[in-house]
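One structure is given here, and the rest of the page talks about it.
The values are calculated or read from the model by the stated rules, or taken from the named source; none is laboratory data. Source: prediction; values computed, not measured. As a convention, Cβ positions derive from the backbone with ideal geometry for all residues, glycine included, and neighbour counts pool all protein chains shown. Just the protein is used for accessible areas: all its heavy atoms, side chains included, with ligands, DNA and RNA removed. Shrake-Rupley method; radii C 1.70, N 1.55, O 1.52, S 1.80 Å.
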Amino acid sequence: LEGVITDGKDFLDLLRKYRKDKQVKGFLIKINSPGGVVGPSQEIYDEIKRTREEFKKPVIAYCSAVAASGAYYSAVAADKIFTTPGCMMGSIGVLMEFVNLEKLYDWAKIQRYALTTGEYKDAGAEYKPLTPAQRALFQDMLNDVLGQFKAAIIEGRKMKPDFLDKYADGRIFTGQQGVK
């Protein structure tokens with residue numbers, strides 16, 4: 001599982017192919033990824049979990065250099081996670097980025113606007129700031145996805161929610177710190 005996770009297709013195709021092979025007794029997944037998009041990370045998590053539960057094949061995740069955010073999300077489905085002491089891992093959190101170019105457009109004498117069918121359709125457009133309602137909508141979405149991420153960690157790592165809450169703030173850990 002290498003690089004930014006934008007599409008899990010190649011990884012998932014291989015996992016699905018080899019888990020059906022009776023001669024394959026288990027999986028060692030080497031992870032070197034800063035994470036990526038939530039959906040593909042969740043798909044990878046689900047299929048690793050399915051490989052363990054339905055196909056009864058053990059899965060070990062080996063985190064080498066980076067296993068952050070969606071990559072860590074994927075890894076928590078494994079039976080065990082091994083890491084190098086210096087691996088950058090964790091980053092339990094969710095990020096959504098926006099840019100507001102409104103003043104740049106003003107300076108360039110460009111007027112941008114949109115016609116929409118609802119108040120949220122152009123939420124996050126670069127030509128205007130978020131309204132309080134749009135900001136609340138996006139924050140609710142982020143909180144929901146964080147809840148899903150934390151539920152996967154609680155189940156996969158058998159971690160108590162109160163303990164996880166102390167560390168699920170987006171921070172990164174070294175592999176050595178993460179093991180502790």
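Please report, in debye to the nearest 20, how large the charge dipole of the chain is about its Cα centre when each Lys and Arg carries +1 at its beta carbon and each Asp and Glu carries -1 there.
Charge dipole of the chain: 800 debye, to the nearest 20.
Between residue 101 and residue 146, what FRET efficiency follows from the Cβ-Cβ distance if R0 is 30 Å, with the result rounded to 0.05?
0.60
Roll a 1.4 Å probe over the protein chains and send me the accessible area per residue for the chain in Å².
That works out to 63 Å² per residue.
Return one number: the angle in degrees, 0 to 90 and rounded to the nearest 10, between the long axis of the Cα atoms of helix 132-157 and the longest principal axis of the Cα atoms of the chain.
So the helix axis and the longest Cα principal axis differ by about 0 degrees.
Give the residue from 113, 143, 131 lying farthest towards the positive end of the charge dipole for the chain; charges sit on Cβ (+1 for Lys and Arg, -1 for Asp and Glu) and the dipole is referred to the Cα centre.
Checked the options; the winner is 143.
Would you list which aspartates and glutamates come within 16 Å of residue 49, measuring only between C-alpha atoms, while excluding same-chain residues fewer than 8 positions from it?
13, 79, 155
Taking all protein chains in place and a 1.4 Å probe, what share, in percent, of the accessible surface of segment 1-105 do carbon and sulfur account for?
Using a 1.4 Å probe with all protein chains present, segment 1-105 comes out at 57 percent carbon and sulfur.
Treating the angle as unsigned and between 0 and 90°, give the value, to the nearest 10°, between the Cα long axis of helix 9-19 and the longest Cα principal axis of the chain.
20
Between residue 22 and residue 180, what is the label-point separation in nm under the 7 Å Cα-to-beta-carbon projection?
Here the answer is 4.9 nm between the modelled labels.
Pulled fully out, how much extra length does the chain show between residue 80 and residue 126, if you take 0.36 nm times their separation in residues and subtract their Cα-Cα distance?
12.3 nm
Among 76, 38, 104, flag the residue with its Cα farthest along the positive direction of the charge dipole of the chain, charges on Cβ as +1 for Lys/Arg and -1 for Asp/Glu.
76
Sort out for me the Cα centre separation of segment 32-97 from segment 123-158, rounded to whole Å.
For segment 32-97 versus segment 123-158, the Cα centre distance is 20 Å.
Between residue 109 and residue 54, 0.36 nm times their residue separation minus their Cα-Cα distance comes to what?
Gain on stretching residue 109 to residue 54: 13.8 nm.
What is the distance, in nm, between label points placed 7 Å from the Cα along the Cα-to-Cβ direction at residue 164 and at residue 139?
The modelled label-to-label distance comes out at 2.3 nm.
Positive end of the dipole of the chain, charges at C-beta (+1 Lys, Arg; -1 Asp, Glu), about the Cα centre: which of 3, 59, 86 has its Cα farthest in that direction?
Farthest towards the positive end: 59.
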